[in-house]
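The structure appears below as structure tokens.
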Amino acid sequence: MKRRPEPELMDEAEQARAYAEEDFSEPNAHFIELLGDLAEGPLDGVRALDLGCGPADIVLRFLRAYPSAYCDAVDGSPAMLEHAKAALAAMPGLAARCRLICDPLPSQQLQASHYDVVLSNSLLHHLHDPQVLWQTVREVGKPGAQVLIMDLMRPASAGWVEALVETYAAHSPEVLRHDFRNSLYAAFEPQEVAAQLAEAGLASLEVIVVSDRHLAVHGRLPSGD
């Protein structure tokens, strides 16, 4: 099934509010579990970067899981970051270890070769040019930095898209059902992501399928040796 791109930013107030209020605990908890399972070495005291942080649920889960870690979180949608600010304000102990950055990718506000861990959840399918993400990952991570990117995986048919929408968004607001459907059409297949990594010089990263609708990219950046 051919990919059908969608808008890069979720910047409408209603859309951002619906997304922030939706229960994404299952996939978001899965993301943190994958990070722990796939990490090659300890994550205590690391400085992480979350690309496309949205309302910051992944950031909060990461900071709870790793109490000595720090995380910068970037998103291009001011509407989304308003919800992230509110979530962090409710947890000042975690907020002290987080910095929110409002900027689309590629961002001039991110320091090169600065991060021990680079994370992203559900950003890749929004990008019209996926190399924007992969070049950012390569530029901002330290040599040997750990990477975990999780995203939706494009189904093989329109019927499969509708089955996933009914399975996972049957009781969601219509705006989220609409967005989920569009996101499935906009997502990439695993072999497409593998080709993107090869183009970006990131053959050290591996693409794996982690659910009926998600793929993940994990591993370490080239060490520079």
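The values are calculated or read from the model by the stated rules, or taken from the named source; none is laboratory data. Source: prediction; values computed, not measured. Neighbour counts are summed over all protein chains in view; Cβ atoms, including those assigned to glycine, are modelled from backbone coordinates with ideal geometry. Heavy atoms of the whole protein, side chains included, go into the accessibility calculation; ligands, DNA and RNA do not. Shrake-Rupley method; radii C 1.70, N 1.55, O 1.52, S 1.80 Å.
Considering Cα pairs under 8 angstrom that are at least six residues apart, work out the relative contact order of the chain and quote it in whole percent.
Answer for the chain is 23 percent.
As a test question: what accessible area, to the nearest 10 Å², does Met80 have when a 1.4 Å probe is rolled over all protein chains in place?
10 Å²
Can you tell me which of 59-65, 89-95 comes out highest on packing, and rank the rest after it, using the mean Cβ neighbours within 10 Å?
Highest mean packing first, the order is 59-65, 89-95.
Regarding the chain, what are the three Cα extents along the principal axes, ordered largest first, in Å?
Taking max minus min along each principal axis of the Cα atoms, the chain gives 46, 41, 31 Å.
What translational diffusion coefficient, to the nearest whole µm²/s, does region 31-104 have by Stokes-Einstein, given a Kirkwood radius computed over alpha-carbon pairs, a temperature of 37 °C and 0.692 mPa s viscosity?
Here the translational diffusion coefficient equals 266 µm²/s.
Could you sort Asp151, Asp129 by their accessible area in this structure, using a 1.4 Å probe and putting the largest first?
So, going from the largest accessible area down, we get Asp129, Asp151.
Tell me the net charge near Gln135. Cut-off is 13 Å between Cβ atoms, Gln135 excluded, with +1 for each Lys or Arg and -1 for each Asp or Glu.
Here the count lands on -2.
For region 31-121, what does the accessible surface come to per residue with a 1.4 Å probe? Please give it in Å².
In whole numbers, region 31-121 has 42 Å² accessible per residue.
Pop out the ³J(HN,Hα) list for region 112-128 in order, Karplus 6.51 cos²θ - 1.76 cosθ + 1.60 with θ = phi - 60°, rounded to Hz; leave Gly and Pro as x.
5, 6, 10, 10, 7, 9, 10, 10, 6, 10, 6, 9, 3, 5, 6, 8, 5
If DNA, RNA and ligands are ignored and the probe is 1.4 Å, what is the ranking of Lys142, Lys85, Lys2 by accessible area, most exposed first? All intermediate terms of the calculation are to be shown ahead of the outcome.
Values: Lys142 75, Lys85 105, Lys2 175 Å².
Sorted descending by solvent-accessible area, the residues read Lys2, Lys85, Lys142.
Give me the percent of Cα-Cα pairs in region 78-189 that sit more than 25 Å apart, rounded to a whole number.
Across region 78-189, Cα pairs with separations above 25 Å total 37 percent.
Note down the Stokes-Einstein diffusion coefficient of region 126-204 in µm²/s, whole number, using a Kirkwood radius over alpha carbon pairs, 10 °C, and 1.306 mPa s.
Using the Kirkwood radius from Cα pairs, D works out to 111 µm²/s.
Using packing as a proxy for protection, rank 68-78, 209-219 so that the peptide with the highest average count of other Cβ atoms within 10 Å comes first.
Values: 68-78: 20.5, 209-219: 18.6.
Descending packing order for the listed peptides: 68-78, 209-219.
Multiply the residue gap between Ser107 and Glu192 by 0.36 nm, knock off their C-alpha separation, and tell me the result in nm, one decimal place.
Between Ser107 and Glu192, full extension yields 28.2 nm more.
Relative to a virtual label point 7 Å from the Cα of Glu206 in the Cα→beta-carbon direction, which members of region 128-172 show backbone nitrogen distances below 18 Å?
144-151
To the nearest 10 Å², what's Phe180's accessible area with a 1.4 Å probe?
30 Å²
Which length gain, in nm to one decimal place, applies between Glu199 and Leu38 when the Cα-Cα distance is subtracted from 0.36 nm times their residue separation?
55.6 nm is the gain from fully extending Glu199 to Leu38.
Can you give the calculated 222 nm mean residue ellipticity of the chain, where each DSSP H run of n ≥ 4 adds -39,500 (n - 2.57) and the sum is split over every residue, rounded to the nearest 500 deg cm²/dmol? Show your work: numbers first, answer last.
On the way: 9 runs with 93 residues, N = 225.
Result for the chain, helices only: -12500 deg cm²/dmol.
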